[in-house]
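Here is the structure we will look at, set down as structure tokens.
The values are calculated or read from the model by the stated rules, or taken from the named source; none is laboratory data. Keep in mind that this is a model prediction, so the values were computed, not measured. Note that we place each Cβ from the backbone using ideal geometry, even for glycine, and neighbour counts take in every protein chain shown.
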Amino acid sequence: MKNIFLKTTSYFFLAITLFSCTDYVSETNVDPDLITESDAKNLFQGVLLANQFFQTSSNTRDVMIWLNQANGENRQYVSLNDWNLSTASSFDDSWNQAYVNCITNAKITAAKATKELNPRLVGAAQVIEAHCMGTITSLWGDAPYSELDITGKNLTPKYDSQTAIYASLQALLDKAIVNLSATTGKGIPADKDLYYSGSAAKWLKLAYSLKARYYLHVKDYTKAKQNALLGINNANDDFKAQFGSGYLQSFNPFYSFLIYDRDDYMSGDSYAARLLDPSTSIYRGNAKTDESARFEFTYHTGLYYFSNYELNFQCDFDWGEGLNGKFGGDSAMPMVTYGEMLLIIAEADARTSFSNGLTSYNAYRALLNTGYSIGVDNSGYGVGTFAYSAYDAADFAAGGMENNSGTALSQQNALIREIFEEKYIYLMGSYESFTDYRRSNNAAQIQLKTGKAGTPQRFLYPQVEINANPNTPSPVPSIVTKTTVHN
């Protein structure tokens, strides 16, 4: 593994530099080259930004293309349509961003906050570490963690099993919950907290939400539901990546890529677009579901380079309603949300009781029917119509509106399929969509691109890691090799 300690300063400097002109980063005159002399407060915001960079990195576009939520159209992006053509070096940046910029600095921040007798800030840093490390193990499987050494004394840490990492993260989040519940110390600095303005109560809900997510990943549905009930419980507390309006400084990375960087490389021409498009034969809407607004929010049709679908980045253009779409310049990107918690509860319930699962899924649909997730302000998109009325048991019976294609499923399996299809749309643009696909063996019945060998199951270990750490698994698993947990 690369020398994390020696690289920390330069990567942290990069994070601060990229965001130094945004209106929500303050005190950038703090010398990043003196990182080990900084206090926890002044490290904290950089940790948040590093995690945000990782969770919204360029590899999220790879995932969208693999899952047929988008399409590669030009140059190297054409090859992304076949996951087997992915190269190890294309994952270098995400790996470094996660380990060097985020996890290392989160550990340093927690250590400094401990010395400063500030347990709530320790807890917030631990939550970010857990978010980042959980995403790593979900994407790569086995990974370095227990021997991760921020002092630089161990440059070749061992790889922990994916199962062991998930267990370690649950223990870490338990510690975070204890720390966030403390009443001593200065607390989380409001002026450095991009998401919750220093509210320990909201960070506490995020900690429980991550516990719920990771229990779901390992298929412990009982504990997943228990923690989801303690997690984010309203739309205002959604944990979202925040962006501004400055090119190369704070744009939503999808917008920057689609408009300024590689504007003809990637389109929205995909199975997902057709699922949402009311004019297609595979439209997922029905008498109780109107996806018109969500389709408008997520995709365009033939307005720019491509004749079929484009991802909706509407921002500085006078097209249509002139509103920000899902991928607009300053459109926030959901990372952990209330909607996800309701869907975790619905899946957990559906696996043990069709009736309970239906009730829980209808609770999510009631939220969706308020306009939640259909616009950047969670209140619907423009003039587009939407409706998410409650389903009843007959809708999932053989021949019902949610069980009428191909071989009939049981009511329970038809409900589970619907929940996963909803998550396929709802979680678009995040890594969780990829995790759901793999851990469920495609319960959503997503139509991937045809003519490709196998199905995408993991990220490739990055070339920088293969070159530097002899503990990297050998032979290196291919992209179609399932991880231990997601099988």
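At a glance:
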{"read-out": "Meets criteria (closer than 18 Å to ILE479 by Cβ and either assigned to a helix (DSSP H, G or I) or small (Gly, Ala, Ser) (or both)) for GLU418", "value": "no"}
{"read-out": "Single condition ILE165 does not satisfy, out of (1) within 25 Å of LYS482 (Cβ to Cβ); (2) more than 19 Å from the chain's Cα centre (by Cα); (3) of a type in the set (A, V, I, L, M, F, W, C)", "value": "(2)"}
{"read-out": "Positions within segment 415-434 being aliphatic (A, V, I, L, M) and within 12 Å of the chain's Cα centre (by Cα), in sequence order", "value": "LEU427, MET428"}
{"read-out": "Considering residues of segment 93-116 that are charged (D, E, K, R) and either surrounded by fewer than 17 Cβ atoms within 10 Å (Cβ to Cβ) or modelled with pLDDT under 95 (or both) only, the residue nearest to THR137 (Cα to Cα)", "value": "ASP93"}
{"read-out": "Any chance SER138 is in contact with a helix residue (DSSP H, G or I) (Cβ under 7 Å, 6 or more places away or on another chain) and buried (at least 24 other Cβ atoms within 10 Å of the Cβ)", "value": "yes"}
{"read-out": "Positions within segment 66-80 being surrounded by 15 or more Cβ atoms within 10 Å (Cβ to Cβ), touching a residue at least 24 places away in the same chain (Cβ under 8 Å) and either out of contact with any helix residue (DSSP H, G or I) (no Cβ under 6 Å at 6 or more places or on another chain) or among the hydrophobic types (A, V, I, L, M, F, W, C) (or both), in sequence order", "value": "TRP66, LEU67, ALA70, ASN71, GLU73, TYR77"}
{"read-out": "Members of segment 281-299 found to be free of Cβ contacts under 8 Å to residues at least 40 places away in the same chain and more than 17 Å from ARG417 (Cα to Cα), listed by number", "value": "SER281, TYR299"}
{"read-out": "Residues that are of a type outside the set (Lys, Arg) and out of contact with any helix residue (DSSP H, G or I) (no Cβ under 7 Å at 6 or more places or on another chain), drawn from segment 113-135", "value": "LEU117"}
{"read-out": "Of all residues in segment 181-210 being among the aliphatic types (A, V, I, L, M) and over 23 Å from the mean Cα position of the chain (by Cα), the one that is surrounded by the most Cβ atoms within 10 Å (Cβ to Cβ)", "value": "ILE188"}
{"read-out": "Residue identified as surrounded by fewer than 20 Cβ atoms within 10 Å (Cβ to Cβ), among the acidic types (Asp, Glu) and in contact (Cβ under 8 Å) with a residue 24 or more places away in the chain among GLU402, GLU421, GLU432", "value": "GLU421"}
{"read-out": "Residue list for segment 143-177, restricted to those being over 21 Å from ALA212 (Cβ atoms), aliphatic (A, V, I, L, M) and either free of Cβ contacts under 8 Å to residues at least 40 places away in the same chain or touching a Ser or Thr at 6+ places or on another chain (Cβ under 7 Å) (or both)", "value": "ALA143, ILE150"}
{"read-out": "Residue in segment 376-390 that is outside any loop (DSSP other than H, G, I, E, B), in contact (Cβ under 8 Å) with a residue 12 or more places away in the chain and surrounded by fewer than 20 Cβ atoms within 10 Å (Cβ to Cβ) present", "value": "yes"}
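Conditions tested, residue by residue: (1) more than 30 Å from ASN51 (Cα to Cα); (2) aromatic (Phe, Trp, Tyr).
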| site | (1), (2) |
| --- | --- |
| VAL376 | no, no |
| PHE396 | yes, yes |
| GLU402 | yes, no |
| SER405 | yes, no |
| TYR437 | no, yes |
| ILE446 | no, no |
| ALA453 | yes, no |
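Each row is one residue, and each column tells you yes or no for (1) touching a Lys or Arg at 6+ places or on another chain (Cβ under 9 Å); (2) not aliphatic (A, V, I, L, M).
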{"position": "LYS107", "(1), (2)": "no, yes"}
{"position": "LYS115", "(1), (2)": "no, yes"}
{"position": "VAL127", "(1), (2)": "no, no"}
{"position": "LEU139", "(1), (2)": "yes, no"}
{"position": "LYS153", "(1), (2)": "no, yes"}
